[in-house]
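Q: What follows is a structure written as structure tokens; I'll ask about it next.
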Amino acid sequence: MSLRPERMRDHWWWRPGWRAGRRLYTWHLTFDGHHDLHRVVRAYQDCLDVPELDLVPLEGLHLTMQGVGFADEVSRQQLRQLVVAAERRCGALAPFTLTLGPACVEQEGVCLPVAPQGPVRWLRMAVRGAIAEVWGEGRVPEAAEDFWPHVSVAHSNADGPAAPIIERVGRVRGAGGCRHHRRGAAAGAGAW
């Protein structure tokens with residue numbers, strides 16, 4: 001993570017295994033009905049409505065926790081087993097409160113960092129443990145250490161200088177961040 005990158009890059013590059021129409025099962029924390037977060041995001045997005053950024057719709061705000069696998073490679077039975085294992089493991093975790101923001105500019109967009117990171121990392125470890133339980137340790141996708149908890153406000157859709165985006169984020173005064181209370185560590189997977 002770089003707090004002040006010199007350049008932005010296109011977030012929408014083709015990652016390994018992706019192709020048009022292919023979907024990926026991914027675990028997310030979602031933020032439906034979290035009006036304080038929506039207010040903060042709108043304040044930033046009001047200054048970020050420029051052609052080189054794609055704003056994340058409020059209903060699409062999420063914190064990506066853990067990839068599972070491509071939908072064409074995960075059977076419905078495997079998905080059910082993963083959900084059951086994750087619900088059991090995540091359900092054993094205590095509820096937690098997170099602070100999101102203030103915004104920072106990353107190479108691929110504008111994000112609200114999450115603090116403290118510990119509860120989110122524990123939740124991710126529970127999901128990774130569920131995947132290992134069902135598929136075996138060697139089939140857990142993504143490296144455990146390659147995780148930076150954040151919520152994206154906007155994605156970069158082009159390569160270019162970061163300075164104009166950093167300047168726009170700096171214009172937002174008083175938006176700061178917000179607190180998010182996770183009442184339960186419920187698990188859920190969706191195709192992305």
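Q: When residues of region 10-41 are filtered for being in contact (Cβ under 8 Å) with a residue 40 or more places away in the chain and closer than 26 Å to Ala158 by Cβ, how many remain?
A: Of the residues in region 10-41, 11 are in contact (Cβ under 8 Å) with a residue 40 or more places away in the chain and closer than 26 Å to Ala158 by Cβ.
Q: Taking the criterion of being touching a Ser or Thr at 6+ places or on another chain (Cβ under 9 Å), under 18 Å from Tyr25 (Cα atoms) and at pLDDT below 90, would at least one residue in region 166-189 satisfy it?
A: Our first condition is that a residue be touching a Ser or Thr at 6+ places or on another chain (Cβ under 9 Å); within region 166-189, this holds for 177-182, 188-189.
From the residues that got through so far, the ones that are under 18 Å from Tyr25 (Cα atoms) too are 188-189.
From the residues that got through so far, the ones that are at pLDDT below 90 too are 188-189.
Scanning region 166-189 turns up at least one residue that is touching a Ser or Thr at 6+ places or on another chain (Cβ under 9 Å), under 18 Å from Tyr25 (Cα atoms) and at pLDDT below 90.
Q: Do you know which residues across region 118-141 are assigned to a loop (DSSP other than H, G, I, E, B) and surrounded by 14 or more Cβ atoms within 10 Å (Cβ to Cβ)? Break it down stepwise before answering.
A: Taking region 118-141 first, the residues assigned to a loop (DSSP other than H, G, I, E, B) are 136, 140-141.
Once the filter is applied, which keeps residues that are assigned to a loop (DSSP other than H, G, I, E, B) and surrounded by 14 or more Cβ atoms within 10 Å (Cβ to Cβ), region 118-141 yields Val140, Pro141.
Q: Checking Ala132 against (1) closer than 17 Å to Trp27 by Cα; (2) small (Gly, Ala, Ser); (3) touching a helix residue (DSSP H, G or I) at 6+ places or on another chain (Cβ under 7 Å), which single condition isn't satisfied?
A: (3)
Q: Yes or no: region 115-125 includes at least one residue that is among the β-branched types (Val, Ile, Thr), closer than 17 Å to Ala85 by Cβ and at pLDDT 95 or above. Break it down into steps so the answer makes sense when it comes.
A: The first filter runs over region 115-125 and keeps only residues among the β-branched types (Val, Ile, Thr), leaving 120.
Among the residues that remain, those that are also closer than 17 Å to Ala85 by Cβ are: none.
The answer is no; no qualifying residue exists.
Q: Let me ask something else. Considering only residues that are acidic (Asp, Glu) and more than 30 Å from Cys47 (Cα to Cα), which ones fall in region 72-130? Don't jump to the end; show me each part of the working.
A: The initial filter retains those residues of region 72-130 that are acidic (Asp, Glu), namely 72-73, 87, 106, 108.
Within region 72-130, Asp72, Glu73, Glu87 qualify.
The values are calculated or read from the model by the stated rules, or taken from the named source; none is laboratory data. Keep in mind it's a predicted model, so treat the numbers as computed, not measured. Ideal geometry is used to build each Cβ from the backbone, glycine not excepted, and the neighbour counts take in all protein chains shown.
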